[in-house]
1. Ranked by Cβ crowding within 10 angstrom, fewest neighbours first, how are Ser331, Ser404 ordered?
2. Only Cα pairs under 8 Å and at least 6 apart count here; give the relative contact order of the chain as a rounded whole percent.
3. Against the 2.2 N^0.38 Å scaling, with N counting residues, where does the chain land? I'd like the Cα-based Rg ratio to two decimal places.
4. Once the Cα atoms of region 241-445 are picked out, what are the Rg and Dmax in Å?
5. For Met282, what residues show an amide H to amide H distance below 5 Å, using hydrogens built from the backbone and excluding near sequence neighbours?
6. If you bin the C-alpha pair distances of region 102-247 every 5 Å from 0, what whole percents do you get?
7. Under 5 Å between amide H atoms, partner at least 5 residues away or on a different chain: which partners does Gly97 have, H built in plane at 1.01 Å?
8. How far apart, in nanometres, would the label points at Glu395 and Ser147 be if each is projected 7 angstrom from Cα along the Cα-to-Cβ direction?
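Throughout, read-outs are computed from the coordinates displayed, never taken from laboratory work. Treat the numbers as computed from the prediction; the structure is a model and nothing was measured. Because the Cβ atoms are built from the backbone with ideal geometry, glycine has one as well, and the counts that use them run over all protein chains shown.
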Amino acid sequence: MQQTRPDLGAASSYSFPKPERVRVGNGTVVAVDLPGQQLISLRLVHPFGGAVEPLDAMGVTALTSEVLEDGPDGNSSLAPALERYGAEWVARANWDGFITGLDAPINRLGDAVGLFSDAVRRPALKADDIVRRRDQLLERFWLEAASASTLAMRSLGGQLFTGRYATPLAGGPVKLADITPERVAAFHADTIAAYAGTLVVVGDLSGVDLEELGRGVFGDTAAVPERRITEPAPPPGELPRVLVVDRPGSVQSALVIAHRAPSRSQVELPRAEGISEVLGGMFTSRLNMELRERLGYTYGAGSRFDLRRDSGVFFMSTQVEASTTAHSVTSSFEQIAKLRASGVTEDELAAVRESNIVGLPVAYSTARAVAGALVDIVVHDLPDDNVDRVRAGYEKLTAQDLNSAAVEYLRPEEAVVVVVGDAESLRGPLTETGVGPVEVRSPESLWS
């Protein structure tokens, strides 16, 4: 018997759960109770990301994050030790934060958190482990850089910033190689071991004593000092401009067009990310329809913002056949110009709204997802109702909001174009585009 498809109902409204904040010693516990969620997500946030690294120790944050997985006993001991409690280790470092944590069943939380605290505050940090992890990061750096798109993205920093951001988060192959076990131990002692941080806890907390949990993690550590926020300086040179990272004989080009953007606190997220989605963030975006569907140059093109506490980056990226590189560049700039001049359509506005509202109940259906949102709130010093504020911003978003965002946040006149491909065949056509001066570099020379 044939059945008719039921009509879609109205999208369910969503409100992000209100977190509870508890001051414990010199740290803060930020908790959300999700009844029935028996897997607890716990994250410890420190404001010691790559952006505040000294220039003579670039990569020490990323390396320390890796080494902590060797545990209190060293030699990769942490993961199997946590497995005895059904727990999984979490660690990552970004430009603005150093995040460690675990996901553990609520009935094994106490034992798992005890091991977690030892791993974070009192790791073995054996010299052999640190050297092994450093060598692995170095090898991974070049393995990942074998991907043209990865190499293009890592080349951006030196085109947009002076200082720490000019070198990739992992330190680049030269600076990372100089980091000694003693430098890692000193960094850990002066940051992660010394300061309490903020503890995020999400799950069914009906039987969890948050103060006791905080005492176990924070101990007698000090309060985190306030970070001074200063906007990083740009490098010298004319804008717009083109950098070709030479890969002789390459039949494809990885292409990134980027410019600096405001910091996270200076951006109205629904307007900024909304206009990015119209330009390159959806399958039906302007870039994808032009470069993929009409011209047939690529399998896909995209754009997005990378927003940090002191600055940001907006970039568009794609991979194309080498012979179409120059036209792909000019076509991308043309799409920005058209969007800034003519604005968005009602269909584009509706797509932006729906893509950022309808899926929220599913997006935040797990403890991990809620914990991730809270980490973002802590790292960027956002209000506790940030998710609801962003949702409300999308709900009331207008075409005029997006049109003004295109003018405010898309700045082609300040762009750099990074192309990874065969410089011999690309230099001439890219020069003829008139975008700006063309420089050719080898991958090995970028971070020396």
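1. Values: Ser331 18, Ser404 15.
Fewest to most other Cβ atoms nearby, the residues stand as Ser404, Ser331.
2. Working: 852 pairs, mean separation 99.2, N = 448.
Relative contact order of the chain: 22 percent.
3. Values: Rg = 23.6 Å, N = 448, 2.2 N^0.38 = 22.4 Å.
Expressed relative to 2.2 N^0.38 Å, the Cα Rg reads 1.06.
4. Final numbers for Rg and Dmax: 18.3, 53 Å.
5. none
6. 2, 7, 12, 13, 13, 14, 14, 11, 8, 4, 2, 1, 0
7. Gly49, Gly50
8. My value for the distance between the label points is 3.7 nm.
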